[in-house]
Amino acid sequence: MPDRPGTDSRVREPGWRPAGKGGVNGSPSDPQRSAPPVAGRTGGFTESVIREMTRVAGEHGAINLAQGFPDFPAPDILKEAAIRAVHADLNQYAVTWGAPRLRRAIAATRERDYGTPVDPDREVTVTCGATEAMASALLAVAEPGDEVIVLEPFYENYGPDAVLCGARPVFVPMGPGPGLDLERIEGAFSDGTRAIILNTPNNPTGRVFTRQELEVLGGLCRRHEAWAITDEIYEHILYEGEHVPMASLEGMDGCTITISGASKTFSVTGWRVGWIVAPPGVTGAIRKVHDFLTVGAPAPLQDAVATALEGLGPEYYRELAGGYRERRGVLHHGLREAGFRCEPPAGAYYILADFSALDGRDDDTFSRWLAAERGVAPVPGSSFFSEPDGGRDRVRFAFCKTVPTLEEAVRRLTGAAG
Ligand code: GLN
């Protein structure tokens, strides 16, 4: 039997800021207005700090290197296909699991890229972005009280997603070096573990998990009958190493739920088209959750994404990664010049930078100061850690921006010492 909450040294209660800090997370009832109470489950987490920093950037007219969305155009092939689809009146609900054409394109792309056969009718679900995909997947597999392992630093949605299921996120540090601390992660598995969430290439660290690391993690999932839920949204934004989908590893296709989407690959974060590839049994459960949450992702945009998946070949993907490699160089070099300590990421489009040589204040104060006084908004590091002290000296910068935008940000940051 797993230890119970509070007695389990592996489980650290989330250190998210107390209710009330970010707007909607106020006290469950408001006697002043005698409003009916709101559910307690939202008290376990705050609003997204990433998206809050977008608002802060807007207030100060700062360059938004906080929320990770591109400021450059999406490929014409997608935009033209979307316009055609709207004109052709593909404007009603698609099949709730996803338009058949898009599901076929997703399956074909995964077979082409990774050699994993996928059945579009029984194993693919199209969702409103990877965000809904993660929430639907967890709601489909996690029971109240289950443990969900989340590697730290983490993308901020994973903890709240687990809490919304009544599950308990178990935060485990990835380890200080470039490799994962596999022993520590092994120690976090228990009879109560229902799933581990893996994100490679990783937001915010830029790590790319190796085949060997994934094999060990896969073995742990099989031994403990836990799901590997892998967020592979940055699968095509890679500078070093190879992207290894967990589902492609021997014995893992039956216990892996793979999440990806169009947002990052095709620079259309506002379209909200994501997908899940998973074995048929769990796909049935996921589809029910998805259906009742959202009915479906936007039909004309699904059609346009299918066109892009069918029509864009290796050259597109090479150019995508090549463009990001250049942007990575501009921001990384600029941050080092400005006095930040950071390494170039192996994948994804973020740099988690240590600012302790520049400023002794905490990450939240420093981020807001940087936005207000220097005109560049990052994300405070603590939003990627369960304990605020974990990211106290760090801020995350996104480099999914044009080179001139990044050069201007670097010019502003070069005077960052306060
Ligand atoms: N994944 C992006 C980030 O980490 C965008 C987050 C969001 O707002 N959905 O910044």
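Just so you know, all these numbers are worked out from the coordinates, no wet-lab data involved. Given the structure is predicted, the values throughout are model-derived calculations rather than measurements. Quick reminder, even Gly has a Cβ in these numbers, built from the backbone with ideal geometry, and neighbours come from all protein chains shown.
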query = Where nothing but the Cβ of Lys and Arg (+1) and of Asp and Glu (-1) is charged, how large is the charge dipole of region 299-414 around its Cα centre, in debye to the nearest 20?
reply = 280 debye
request  = Label region 238-327 by shape, choosing from rounded, prolate and oblate, from the square roots a ≥ b ≥ c of the eigenvalues of the Cα gyration tensor; if a/c is under 1.5 it is rounded, and otherwise prolate applies when a/b is larger than b/c, oblate when it is not.
outcome  = oblate
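Quick check of the Kirkwood formula: for region 292-414, what is the inverse mean of 1/r over all pairs of different Cα atoms, in Å? Let's see the in-between values first.
Numbers: mean 1/r = 0.0610 Å⁻¹.
Evaluated on region 292-414, it is 16.4 Å.
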request  = Please say if the chain is rounded, prolate or oblate, where rounded means a/c under 1.5 for a ≥ b ≥ c the square roots of the C-alpha gyration tensor eigenvalues, and otherwise the choice is prolate for a/b larger than b/c and oblate otherwise?
outcome  = rounded
query = Using unit Cβ charges (K, R positive; D, E negative) and no other charged atoms, how large, in debye to the nearest 20, is the dipole of the chain about its Cα centre?
reply = 720 debye
request  = State to the nearest 20 debye the size of the charge dipole of region 101-251 about its Cα centre, where the only charges are +1 on K and R beta carbons and -1 on D and E beta carbons.
outcome  = 320 debye
note = Counting sequence-distant residues (5 or more places) and residues on other chains, those with an amide H built under 5 Å from that of Thr127 are Gly274, Trp275, Ile276
ask   = Given labels modelled 7 Å from the Cα in the Cβ direction, how far is it in nm from Arg223 to Glu326?
value = 4.7 nm
key: FRET efficiency, 1/(1 + (r/R0)^6) with R0 60 Å, evaluated for Ser34 and His333 via beta carbons   = 0.55
note = Cα extents of region 43-169 per principal axis, largest first, Å, are 44, 43, 31
query = Across 5 Å bins from 0, what is the distribution of all Cα-Cα pair distances for region 154-295, in whole percents?
reply = 2, 9, 17, 24, 23, 16, 8, 2, 0
ask   = How large is ³J(HN,Hα), in whole Hz, for each residue of region 163-174 in order, when computed from phi with the Karplus curve 6.51 cos²θ - 1.76 cosθ + 1.60 and θ = phi - 60°, using x for Gly and Pro?
value = 4, 4, 8, x, 8, 10, x, 10, 8, 10, x, 5
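Taking only complete DSSP H runs, can you tell me which helices of the chain stretch 24 Å or more along their own long axis by Cα positions and average at least 0.5 on the Kyte-Doolittle scale?
none
Out of the chymotrypsin sites (Phe, Trp or Tyr not before Pro) in region 89-145, which ones are loop residues according to DSSP with at most 12 other C-beta atoms within 10 Å?
Tyr93
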message = Using the Karplus curve 6.51 cos²θ - 1.76 cosθ + 1.60 with θ = phi - 60°, what ³J(HN,Hα) values do you get for each residue of region 182-198, in whole Hz, with x for Gly and Pro?
response = 5, 5, 5, 5, 4, x, 8, 6, 8, 5, x, 6, 9, 7, 10, 9, 10
query = With the dipole of the chain worked out from charges on the C-beta (+1 for Lys and Arg, -1 for Asp and Glu) around the Cα centre, which of Thr256, Ala297, Tyr316 lies farthest toward the positive end?
reply = Ala297
Interchain or long-range residues, amide H under 5 Å from Val170's placed H = Val148, Ile149, Val150
query = Which ordering of Phe292, Phe171 is given by a fewest-first count of other beta-carbon atoms within 10 Å?
reply = Phe292, Phe171
